[in-house]
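> Before anything else, here's the structure in question.
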Amino acid sequence: MKRLLAALMLPVWALGSFAANMQKTEPPAASLHLRGDFDTALAEARASGKKLLVLLSDPYNRETPECVALLRRHALEIGKNAVTVIVIAGQQSYPVELLYTTRFPVLFLLTNEEVLLEGAVLCTEKGIQKFWDSARS
């Protein structure tokens with residue numbers, strides 16, 4: 001009888017332990033909010049006093065999902081410092097002359113007054129670090 005009771009309690013204990021571990025870890029960067037419209041994101045950046053982080057891609061680029069995953073890993077820092085928008089070249093309105101590039105996907109960091117702080121940085125771990133160095137200064 002004791003063995004049966006112990007066998008029944010094991011799954012309950014395992015679930016409780018799993019739930020306790022889930023509460024100890026931070027949720028995986030689900031707080032990254034990628035806006036889909038440049039003008040709306042710019043207005044939000046102006047209202048919040050934050051910078052504007054633009055992910056510029058083209059519709060056929062296969063590296064864009066990897067870039068979004070990289071941004072999600074830095075979501076907490078990004079959320080504190082910037083409003084994030086993804087812009088697909090040729091499909092949305094954005095300041096083309098300010099955000100000009102021939103390589104995709106790239107990141108641009110703008111002030112909320114559309115002044116370029118960092119531009120055309122490839123979406124890499126090193127590129128993200130370069131942004132935060134600029135954002136802090």
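> Enumerate the amide H contacts of V87 below 5 Å, restricted to partners 5 or more residues apart or on another chain; note that Pro and chain-start residues carry no placed amide H.
Placed amide hydrogens put L55, L56, S57 under 5 Å from V87.
> A further question on this structure: Spin-label point model (7 Å from Cα, Cβ direction): what's the T102 to Y60 distance in nm?
1.7
> What is the spin-label model distance, in nm, from T40 to Q92 if the labels are put 7 Å beyond Cα along the C-beta direction?
Each label point lies 7 Å from its Cα, and together they span 0.9 nm.
> Could you pull out every residue, at least 5 positions away or on a different chain, whose amide H is within less than 5 Å of the one on V121? Hs are placed 1.01 Å off N in the peptide plane, and Pro or chain starts have none.
L107
> For the pair D133 and E113, what calculated FRET efficiency results from E = 1/(1 + (r/R0)^6), where r is the Cβ-Cβ distance and R0 = 30 Å, to the nearest 0.05?
Details: r = 20 Å, r/R0 = 0.68.
Result of the calculation: an efficiency of 0.90.
> Treat the count of other C-beta atoms within 10 Å as a stand-in for reagent exposure and order R62, R103 from fewest to most. Kindly include the intermediate steps, with their values, before the conclusion.
On the way: R62 7, R103 11.
Ascending number of Cβ neighbours within 10 Å: R62, R103.
> Assign unit charges at the C-beta atoms only (+1 for Lys and Arg, -1 for Asp and Glu), then state the dipole size of the range 34-136 relative to its Cα centre in Debye, rounded to the nearest 20.
Working: 12 positive and 13 negative charges, 71 e Å.
I would put it at about 340 debye.
None of the figures in this text is laboratory data; all of them are computed from the coordinates on show. Since we're looking at a predicted model, the values are computed, not measured. Note that each Cβ is placed from the backbone with ideal geometry, even for glycine, and that neighbours are counted across all protein chains shown.
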